[in-house]
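Trainee: My questions all concern the structure below.
Just so it is clear, none of the values below were taken in a lab; they were calculated from the coordinates. Nothing here was measured: the structure is a model prediction, and the numbers come from that model. Heads up, the Cβs are rebuilt from the backbone with ideal geometry, glycines too, and the neighbour counts pull from every protein chain shown.
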Amino acid sequence: MRVSVSGVTVETKQGDISRFSAEAIVNAANSGLWMGSGVAGAIKSKGGREIEDEAVRKRPLEVGGAIVTTAGKLKAKWVIHAAAMGPDLVTDAEKIRDATRSALEKATELGAESMALPSLGTGVGGFPLDQAAQIMIGEVIGHARKNRTPNHITLVLYTNEANEEFDKALTEALKRI
């Protein structure tokens, strides 16, 4: 699904974010910034260990915050590590909202024209997919209404189920603006 919000393209796509082409991609990080499995593991596997090494050197990171590293061998210029969980790998709505907002702000600070975000907190964090979709879509639309950078924001969802939930959340959010 692709829509325009205040001149910013917002879209959802099913795919592997570690293979996605955008200036900045977001890692679903923990506050310790170690990259084990899920989105983080895929990014490290395809982009190289240097991404994790650089992230770890930038610790500590508060839950809800974000830091930027180079993207190693990925197609992106930057990886934005958004900490949606602490070292206990537990998350909640507030942490997902704050991490999404922090990632969007970092992309704006970088001047990134395009960015890609995964579903935060729904894998290892175990947060309900439908709720994460509503939270993240709300933050993306709110950001797009206030900022023109990045001008293309893609939510890259690994499964068809996730893509459907984010499409639903985007459709509902558009009815409210």
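Trainee: Cα axis of helix 160-176 to longest principal axis of the chain: angle in degrees, 0 to 90, nearest 10?
Mentor: Around 50 degrees separate the two axes.
Trainee: Which entries in the list LYS13/LYS58; LYS58/LYS168; LYS95/LYS146 go over 29 Å, if you measure between the two C-alpha atoms of each?
Mentor: Details: LYS13/LYS58 31 Å; LYS58/LYS168 36 Å; LYS95/LYS146 21 Å.
As for pairs spanning more than 29 Å Cα to Cα, those are LYS13/LYS58; LYS58/LYS168.
Trainee: Once you sort the root eigenvalues of the Cα gyration tensor of the range 8-104 as a ≥ b ≥ c, which label holds: rounded (a/c under 1.5), prolate (a/b larger than b/c) or oblate (the other case)?
Mentor: Numbers: a/c = 1.61, a/b = 1.12, b/c = 1.43.
Judged from the Cα gyration tensor, the range 8-104 comes out oblate (a/c at least 1.5, b/c at or above a/b).
Trainee: For the chain, modelled as a GNM with alpha-carbon contacts under 10 angstrom, which of ALA116, ALA28, ALA132 fluctuates the most?
Mentor: Comparing ALA116, ALA28, ALA132 in a Gaussian network model of the chain, the most mobile one is ALA132.
Trainee: Under the definition of Cα pairs under 8 Å and six or more residues apart, what whole-number percent is the relative contact order of the range 19-119? If you can, show how the numbers build up before the last one.
Mentor: Details: 207 pairs, mean separation 38.1, N = 101.
Here the relative contact order equals 38 percent.
Trainee: Give, to the nearest whole percent, the P(r) tail of the range 60-143 beyond 19 angstrom, counting all Cα pairs. Don't skip to the answer; put the middle values down first.
Mentor: Working: 1207 of 3486 pairs.
Counting pairs separated by more than 19 Å, the tail of P(r) holds 35 percent.
Trainee: Also: Please report THR154, THR9 as a ranked list, fewest other C-beta atoms within 10 angstrom at the top and most at the bottom. Numbers along the way, then the final one.
Mentor: Values: THR154 23, THR9 15.
Ascending number of Cβ neighbours within 10 Å: THR9, THR154.
Trainee: Could you list the square roots of 5 times each eigenvalue of the Cα gyration tensor of the range 114-158, that is, the equivalent ellipsoid semi-axes, sorted largest first and rounded to whole Å?
Mentor: After scaling each eigenvalue by five and taking roots: 21, 12, 6 Å.
Trainee: Answer with a single label: of [x] 48, 40, 30; [y] 42, 30, 27; [z] 160, 77, 36, which was calculated as Cα extents along the principal axes in Å from the structure in view?
Mentor: [y]
Trainee: Which pairs, out of LYS44/LYS77; LYS44/LYS75; LYS77/LYS175, put more than 23 Å between their alpha-carbon atoms? Spell out each step's value before the answer.
Mentor: On the way: LYS44/LYS77 14 Å; LYS44/LYS75 13 Å; LYS77/LYS175 34 Å.
Going by Cα-Cα distance, LYS77/LYS175 fall outside the 23 Å limit.
Trainee: What is the order of LYS75, LYS95, fewest Cβ neighbours within 10 Å to most? It would help to have the intermediate numbers written out before the result.
Mentor: Values: LYS75 15, LYS95 23.
Starting with the residue having the fewest Cβ neighbours, the order is LYS75, LYS95.
Trainee: Between the range 100-177 and the range 1-79, what's the alpha-carbon centroid distance in Å?
Mentor: 13
Trainee: With each label point set 7 Å from Cα along the Cα-Cβ vector, what nm distance links THR9 and ALA93?
Mentor: Placing both labels 7 Å along Cα→Cβ, they lie 3.3 nm apart.
Trainee: Karplus couplings for the range 10-18 from phi (6.51 cos²θ - 1.76 cosθ + 1.60, θ = phi - 60°), rounded to Hz, Gly and Pro as x?
Mentor: My calculation for the range 10-18 gives 10, 9, 10, 8, 8, x, 9, 4, 5 Hz in order.
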